[in-house]
Amino acid sequence: MAVTAGLAAVGVTTAVRQAQAQLPPRRVPLLGVTAAFVFAAQMVNFPIAGGTSGHLLGGTLAAVLLGPSGAVLVMTAVLTLQSLIFADGGVLALGANIFNMGIVSGAGGYYVYRGVRPLLGTRGSVAAVPIAAWCGTVMAAIATAGELSLSGVVPWSVGVLAMAGVHMVMGVGEALITTLVVLAISRTRPEILADGAGGLPPRGVGETVAFGLVISLGLGMFVSPLASTWPDGVKTVAATLGFLGRAVTTPLVPSLIPNYVLPGIASPAWATALAGGIGTTTIFLLVLGVARLLVPRRRPDGGPASPSP
């Protein structure tokens, strides 16, 4: 736990420094809308084989859109909000989650994408996406198995087979969703991608952000109540291998909206929908505000000026 927290801290610090040095201020709103989409999409569990569900991790998607540093920052914000407000993932596991889903899956998936893309010819920019997304999912699962083994929870040989096996299947869904999103963007706003057309500023960035936020709110409010209620891959593995009961069930920090159900709402569907809307809007505004503070404006000569207000 302490090791993964330390690794996560190093990764996030590095990502902040890289974003401050390299991220153009005009791309800052894209961090907010990407975080909103990842948050909302993670609420939508889809069924896979054996009574298990999966959901988008989103690290590779964020990396293809924003680069590895942007992906780490987006995933850190999403996972932090989930643990503090929604009792999802847990505060004690936050460092491990950031390391696995932000650094290993996000940054790792990005470098798989960059490595594979030149090998796939003219269509490599899109064709490499499903490979990278699938690899990012499986790499995160293997990292989790290693952490469980080092913690003495399960033997490495048992944990890696179970975690990798389930997430190889889940990775197909990750690859499909990530590819569809990137394909849609590449056909309408290719300059938005991290390696987009010549680094030109996105056309109509306000319109793009507004459209992305509407889609994210639609997922969080109207699709999430229909999500599969089957346990996700990690919980399935934990139950199968007998360590599910070792999880801490009482949150260290009281959650305002535990389990994505807004308290005081009689209808479960509306309780989930309103929780999704609140979470999606909150993460968008939070990431947008923090990113504007962190990323300095650029002078006309390209040098940094002062942090954005």
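Just so you know, all these numbers are worked out from the coordinates, no wet-lab data involved. For clarity, every value in this text was computed on a predicted model and none was experimentally measured. Counting neighbours? That spans all protein chains shown, and the Cβs are built from the backbone with ideal geometry, glycine included.
Once you've got the GNM for the chain with C-alpha springs shorter than 10 Å, pick whichever of Ala132, Ala63, Ala145 has the biggest mean-square fluctuation.
Ala145
With charges only on Cβ, +1 for K and R and -1 for D and E, what is the dipole size of the chain about its Cα centre, in debye, rounded to 20?
It works out to roughly 700 debye.
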